Amino acid sequence: MMDEDDPMAEIRASFFVECEELLEALQDGLQIMDDGEADDETINIVFRAVHSIKGGAGAFGLEDLVRFAHQFESVLDGVRSGTIEADRNAISVFFQSGDILGDLVRAARDDDIADESRIQGIMSSLTSMLGADAQEDEAEEDVSDFQPMGLSLDLGLDIGGNDAPALPDLPDPGGPPAPASTVVFEDGYTIHFLPDSSLYASGNEPLHLLRLLREMGDLDVTCDSSTLPSLSELDEEKSYLSWTIHLITDEDEEAVRDVFDFVADLCTLTISGPEKPAPRGPAPDTPPPPTTSDDISTPQDSTSASLNSISTSKAAAALNTNKTPDVKAPPPPASPPSASKKPVAPSSKSNKPRPTVRVDLERIDRLVNLVGELVINQAMISQSVAEAGLQTNSAVSEGLDEFMQLTRDIQDSVMMIRAQPVKSLFQRMSRIVREASSMVGKSVRLKTEGDATEIDKTVIERLADPLTHMIRNAVDHGIESPQDRLAAGKPEEGIVTLSAGHRSGRVIVEVVDDGAGINRERVLQTAIEKGLVAENAELTDSEIDNLLFMPGFSTASEVSDLSGRGVGMDVVKSAILSLGGRVTIQSNPGSGTIFTISLPLTLAVLDGMVINVARQTLVVPLSTITETLTLMGPDIRALGPQTNVIKVRDSFVPLLDLGFELGFRAPLDSYVGSIALLIAQEDGDHAALIVDSIQDQRQVVIKGLQDTFGQVPGVAAATILGDGKIALILDPVDVVANADGRTQPVQSNLQLAG
């Protein structure tokens, strides 16, 4: 709960929003690593995500989150440096660590408590991966027995000869500090970085920032310790060190500043590019500092070291941890370093994310409601103009056409604001697969396709629970045990594929497993034992598959944490129907099962065709209509005593009387000259619906009926027309699925019977 009087509350809320984005980037990177396609940049992205979460958590005093993130970060740092191998077992631990990190973020956001036993289990796994390094980290935290010791520095210099350069004396700790020198470079970027004490308190480390800079190009770093007091006067909570950094890179200045983005408020930072060189030389009243060597710049009042390879420098880490390491310098180079040390990563200017603005969802919902009212008012104006009988080329009609187009553009733009990729939802399912497969002792991998598909945010939120049930069902019932898979000639690891895409103006989400398929004999026998169907019932494969959606149905022999309670797939169907969607099953024995969910793109506005049936005004979603037909006598063919089909080019399509199917009237004596809507279904089949007339094609605002009337077969929602009347929005595919199919009067059948 955010306290409006707390000035930090908004910043804290923004931090948790950023954490969700970082966790998403973390999961993306781990998935790439798991697929075996990772490069150094992928590992860096994963590391930076954990490091950024740790830094922000430290600023808000979230100690549990900082502690776990630090351990996770240390292991990832070992992967970056090559001391830890990212094999399948390690990546599995990383996935679990990412899950725990997300739990800790959400627990901190909601003032909740995470599962401590699970956290400790993953912490132990991370500690075992660190090995000796973990003991060093513990030693860093315990400095109560710290004793200063002499440090022998071998700088790789031959100082035995008479021509050797003399090293300057260290500054007198008791005397006043000498003025700091100014380092200037003629090419690349010159960065002056002075951390505040709060930077260390928040859990950030300059060493990690320097490593990020090193990955961008050639780097030269000089550490200024001129303000460092004597050991007796040292305050471990204060910041005394600063750095002057020379970076040669192809990246622009914005990319360089992005490295310091998370600590920008915790330090003093200046960056000068080659086009804006830093002031050369010292201040007018300051004598120039002595220089002892071309390779080592050692001013009298500063300690400088070239950090061309920061990962091998233990001294830099010691500056941040108050630890005294053993420092071994590399052997002296035989020749001066060449200009091309390390290939610089190509510039990613074209792949930069676009600027974004975070907006409260309530404001967007209010905007959507206002757009809905705008659409209704536009329809009312159109109705009034039509009733006034104005000519189509009049100024009013032309202005109305422009107004209609503007209304459509506004509506489309607002819907795009509400639309979100299903990526975040799919990533949550990855955790479900890992946890469910671990509980049942199976090896299962989740593959995702089309995770950039955008649908309404409300749909995404309400789709999470049914997808969770379906994923668990696929792991528990769909995928075989490792022994059975090997016996069937399949890989030991099962695959569950989760995909999303747009089709016929709707969103199609599929859950596919490569398991054994549905055991229809067992399903039918279980349904008979539970009294769900008659013992002598003859059902088609599709009807048997749909028994899985019946309340209380379960084929599990034992109750477990995943299944056996008879609750699951019926909940899935109810949730999908409440979204105006449908769910179907396709299964092949030995090959697997496909669950297909069909959902509307949005729950706010749709394009519809306004029709008349038996003096009732209805709306049919335009996305389901492939074409309209005027029926001729030769097109209509009888199929049995009560049904008809029509010939559409080279195929026959079932003919359904919409007025009869909805209970408005009896079947007509003849359908010659009638208007038919050709309806496309998700499986590619078609059906023709007879209507009396077509009024118009327009945008309509969706008004749900679920809360008041529940699920009505064949009806998706309602809307308000331009004349103020209410019209039902049909679900034509559901109408076809539940159709009686009779298109011939009963009286004629009775006469034929005698």
Note to self: Sort 443, 674 by heavy-atom solvent-accessible area, probe 1.4 angstrom, most to least.
What the structure shows: 443, 674
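What do you reckon, how do 538, 373, 251 stack up by accessible area (1.4 Å probe), largest on top?
Ranked from most to least accessible, the order is 538, 373, 251.
Mean projection of the alpha-carbon convex hull of segment 361-418 over all orientations, in nm²?
The number I arrive at for segment 361-418 is 3.8 nm².
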Notebook entry, point to check: What figure in square angstrom, to the nearest 10, would you give for the accessible area of residue 109 with a 1.4 Å probe?
Noted result: 90
Notebook entry, point to check: Given charges of +1 on the Cβ of Lys and Arg and -1 on the Cβ of Asp and Glu, with all other atoms neutral, how large is the dipole of segment 7-133 about its Cα centre, in debye to the nearest 20?
Noted result: 380
Next item on the list: With a 1.4 Å probe and all protein chains in place, put 582, 522, 649 in order of accessible area, largest first.
Entry: 649, 522, 582
Next item on the list: Return the long-range amide H neighbours of residue 695 (sequence gap of 5 or more, or a different chain), with a cut-off of under 5 Å between placed amide H atoms.
Entry: 610, 611, 612
Notebook entry, point to check: Within a Cβ distance under 12 Å of residue 259, other residues only, what is the Lys/Arg minus Asp/Glu net charge?
Noted result: -2
Check: At a 1.4 Å probe, what is the % contribution of carbon and sulfur to the accessible area of segment 369-454?
Finding: 54
Note to self: Tell me the accessible surface of residue 93 in square angstrom (1.4 angstrom probe, heavy atoms of protein chains only), to the nearest ten.
What the structure shows: 20
Margin query: Report D for segment 7-133 in µm² per second (integer): Stokes-Einstein, Kirkwood Rh on Cα pairs, 4 °C, 1.567 mPa s.
Written below: 88
Margin query: Sort 620-628, 216-224 by the packing proxy (mean of other Cβ within 10 Å over each peptide's residues), most packed first.
Written below: 216-224, 620-628
Next item on the list: Please give the solvent-accessible surface of residue 703 in Å², to the nearest 10, using a probe radius of 1.4 Å with every protein chain present.
Entry: 80
Checklist line | Amide H contacts of residue 601 (H built 1.01 Å from N, under 5 Å, at least 5 apart or other chain) | finding: 507
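The values are calculated or read from the model by the stated rules, or taken from the named source; none is laboratory data. None of these values were measured; they are calculated from a predicted model. Ideal geometry is used to build each Cβ from the backbone, glycine not excepted, and the neighbour counts take in all protein chains shown. Surface accessibility is based on the protein's heavy atoms, side chains included, excluding ligands, DNA and RNA. Shrake-Rupley method; radii C 1.70, N 1.55, O 1.52, S 1.80 Å.
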